[in-house]
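Peer 1: Shown below is the structure under consideration.
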Amino acid sequence: MTEITASTRKTTARTEPRNVIVRRFITRTLRRIVDGSDALFTSGLVALAVLWFAHAGPAWIVQATEWQIIGYGVILYGLNRLFDGTLEGIADALDPDRFDGDVLFEMTESLRQLRADMENGADTDDVLDSLVGSSVIEELSGTVRGISQHFAVRGDEDEAQRLMAVVLHLRNADNNLGYSTLNAELDTVERSTAEAS
């Protein structure tokens, strides 16, 4: 039986420069605007159609033909896509978490939001199906195993072993959810290690 010990690694409070905090805030704000922009442009399209049917509003709407109204709709849709693409590009350029491990903090926030959704009546069967189908545990395990291998290469066997203990816990979670891919991969690694020794 493998004895798993708690990690002695200390967690230190992260202090970040003010510009990183501001960039992160602007990035999240821009992404929320993008999320809500479809509703805004759809409302504009509906308003355009209602004004045209009611023969109200400016002359360019009242006197428009069916094809012109369709053209206006296409233009609105194109503006929506252009608006979203521009804001997403700016958000990506400003995002301080885009290329490092801090992106995991957004993942944590998403999981918190998912729990809040369940408390507010989200279908737990659907959430479980998504948890299984998305391979979150499998990807997390692969990431932790990769970190463990990097510590092993650097000669820090204690940290590497502690992280492999985490991988074993994830393997048990994987078993309980009914996955087989991750477990088959780990079994292959363990067999090859045993045969080499």
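Peer 1: Can you pull the one-decimal nm distance between simple spin-label points at GLU119 and ILE75, each 7 Å off the Cα toward Cβ?
Peer 2: 4.7
Peer 1: Put ARG18, ARG115 in order of accessible area, largest first, 1.4 Å probe: what do you get?
Peer 2: Numbers: ARG18 190, ARG115 130 Å².
Largest to smallest exposure gives the sequence ARG18, ARG115.
Peer 1: Using a Förster distance of 30 Å, how high is the FRET efficiency between VAL136 and VAL50, based on the Cβ-Cβ distance and rounded to 0.05?
Peer 2: Values: r = 44 Å, r/R0 = 1.45.
Result of the calculation: an efficiency of 0.10.
Peer 1: To the nearest 10 square angstrom, what accessible area does ILE147 show with a 1.4 Å probe?
Peer 2: Only protein atoms counted, so the area is about 80 Å².
Peer 1: Additional query: Over the heavy atoms of MET118, what accessible area does a 1.4 Å probe trace out, to the nearest 10 Å²?
Peer 2: 70
Peer 1: Rounded to the nearest 10 Å², what accessible area does TRP60 have for a 1.4 Å probe in the complete protein model?
Peer 2: Accessible surface of TRP60 is approximately 140 Å².
Peer 1: Leaving ligands, DNA and RNA out of it, rank ILE33, ILE61, ILE75 by accessible area with a 1.4 Å probe, largest first. Could the numbers behind the result be given before it?
Peer 2: Values: ILE33 75, ILE61 10, ILE75 100 Å².
Listed by decreasing accessible area, they come as ILE75, ILE33, ILE61.
The values are calculated or read from the model by the stated rules, or taken from the named source; none is laboratory data. Everything numeric here is computed off the predicted structure, so don't read it as measured data. Cβ: placed from backbone, ideal geometry, glycine included. Neighbour counts: every protein chain shown. All accessible areas refer to the heavy atoms of the entire protein, side chains included, with ligands and DNA or RNA removed. Shrake-Rupley method; radii C 1.70, N 1.55, O 1.52, S 1.80 Å.
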